[in-house]
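Quick notes on the structure that follows.
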Amino acid sequence: MAKKAASWSLACDRCGTRYPFGPLVHGCPACAEKGTIGVLEAEFRPAKKPQALDKRKGPLGLERYRDLLPGGDGKDWISLGEGGTALIPSRHIGPELGLRQLYFKNESVNPTWSFKDRFVCVSINVAKSCGFRRIVVASTGNLGISVAAYAAAAGMECMFVAPRGTSATILEEARRYGVRVIVTSAERRLPVLEDIVRTGAWFPIGLFLRRAVQNPFGIEGYKTFGYEMIEQLGRAPGAVLFPCARGNGLYGAYKGFKEALANGWSDSMPALIGCQPAGANSLEVSIERGSEDAVELPRVSTLAASATETVSSDHALRAIRESRGTAASVTDAELLEATYKLLREGLSIEPSSALPVACLKTLMKRRALPADAPVVCVLTATGLRWPVETPKSVPPVIEVGDNEPVERYLK
Ligand SMILES: [Zn+2]
């Protein structure tokens, strides 16, 4: 008898229709025919029980969990060493708040300095295994640069559609990888992406449906958040705080924790907590209103530029509810303060990534954090692409003249 092979498929969240695994980048075809939007989800049926997390070989990172991810199993898997990021105990913020087990998952040490590398690595490998040679992405920064880097490594052509106003630093960083950059208005961005994808030759890393949905392949890369935290702590944390625009990272991590629970690799599910900027807090508003679907809010602009969206994903909302988590939001001033506090921990990260730390105080007041279990703040990206003003409290630059002794400045 032939050996049973592991299989991947896609299933619609709304109508339940199943599809063979493939580049269904327009959502569920059956739902589309009825004029609705169905989000597809990748589903995995392993041939045999997967190996326990702590019995695996090699360092932490996506490669360690290859058998649990889609994207082909050949030797030509493209990796830049993503994942396996440090989990750092807080030395100042936690003790000051009375949180004894506060940790930071520092995603700025990924190959292109953000958590998007987990998402893009799997997406690119899926695109490649489906025979695509061209990749297109619409992004405001981190995602676009990550795609540019992985496309270069994979020898694929790449197009990056950015909104007008994107900083020159980001556009130049992307261009250095050899990608073609298109700049257009924020409104034209998704129609442009859609026109490119409709030619059939370009694989979109993000999706362009009217409602915010995620790329079902990349989400699988985010499952590794769950695996890694369990391995690093020897248990599942009590709570995990994510900065959320749509909440794909949060949802992917939830999926990873759920798999770990089902496979007996951990014995609890952490509370997943979505942290957003005030005004772009679709998750918090949806929970307050008891809404089944994520509520759409008017467009605002905040300091957390890469976490400011009008609507979050229904999946993220569901993950929060199913894990008995919650959502919170903060003002720009609170966010800036948290960004500065993280510098005191030795961590230079972008303001959006400071959302979890900024939300800690409110969450403690609401008694939403466990006192006797690890609490993990995921810091999603580097501070280099979105520099903040230098805090007034830091020492000024000292100008030493050519013949002037330096000793006078050492007191
Ligand atoms: Zn459907």
Members of region 78-89 that are assigned to a loop (DSSP other than H, G, I, E, B) and without any contact (Cβ under 8 Å) to a residue 24 or more places away in the chain: Ala86
Matching residues in region 28-52 - criterion: being without any contact (Cβ under 8 Å) to a residue 60 or more places away in the chain, within 15 Å of the ligand (Cβ to nearest atom) and of a type in the set (A, V, I, L, M, F, W, C): Cys28, Ala30, Cys31, Ala32
Strands (runs of 3 or more DSSP E) (entirely within region 1-64) containing at least 2 residues that are of a type in the set (S, T, N, Q): 7-12
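Conditions (1) within 19 Å of Val330 (Cα to Cα); (2) at pLDDT below 95; (3) crowded, with 24+ Cβ neighbours inside 10 Å, marked per residue:
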| residue | (1), (2), (3) |
| --- | --- |
| Thr224 | no, no, yes |
| Val240 | yes, no, yes |
| Phe257 | no, no, yes |
| Leu261 | no, no, no |
| Pro270 | no, no, yes |
| Ser301 | yes, yes, no |
Members of region 3-14 found to be more than 8 Å from the ligand (Cβ to nearest atom) and surrounded by 12 or more Cβ atoms within 10 Å (Cβ to Cβ), listed by number: Ala6, Ser7, Trp8, Ser9, Leu10, Ala11
Candidates Val120, Val147, Val136, Val126 - the one that is under 13 Å from the mean Cα position of the chain (by Cα) and surrounded by 24 or more Cβ atoms within 10 Å (Cβ to Cβ): Val120
Of all residues making up region 342-380, the number that are surrounded by fewer than 19 Cβ atoms within 10 Å (Cβ to Cβ) and either not small (Gly, Ala, Ser) or not assigned by TED's automatic domain parsing to the domain that holds Cys275 (or both): 10
Test: residue in region 70-77 that is surrounded by 15 or more Cβ atoms within 10 Å (Cβ to Cβ), outside the structural domain of Ser313 (by TED's automatic domain parsing), part of a loop (DSSP other than H, G, I, E, B) and free of Cβ contacts under 8 Å to residues at least 40 places away in the same chain: no
Single condition Arg100 does not satisfy, out of (1) within 15 Å of the ligand (Cβ to nearest atom); (2) closer than 29 Å to Ala381 by Cα; (3) not aliphatic (A, V, I, L, M): (1)
Failed item, numbered, when Glu63 is tested on (1) within 16 Å of the ligand (Cβ to nearest atom); (2) out of contact with any helix residue (DSSP H, G or I) (no Cβ under 9 Å at 6 or more places or on another chain): (1)
Of all residues in region 15-27 being at pLDDT 90 or above and near the ligand (Cβ under 8 Å from one of its atoms), the one that is nearest to Phe203 (Cα to Cα): Thr17
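The values are calculated or read from the model by the stated rules, or taken from the named source; none is laboratory data. Note that the coordinates shown come from a computational prediction; the quantities given were computed from them, not determined experimentally. With ideal geometry, Cβ positions are generated from the backbone for all residues, glycine too; neighbour counts draw on all protein chains shown.
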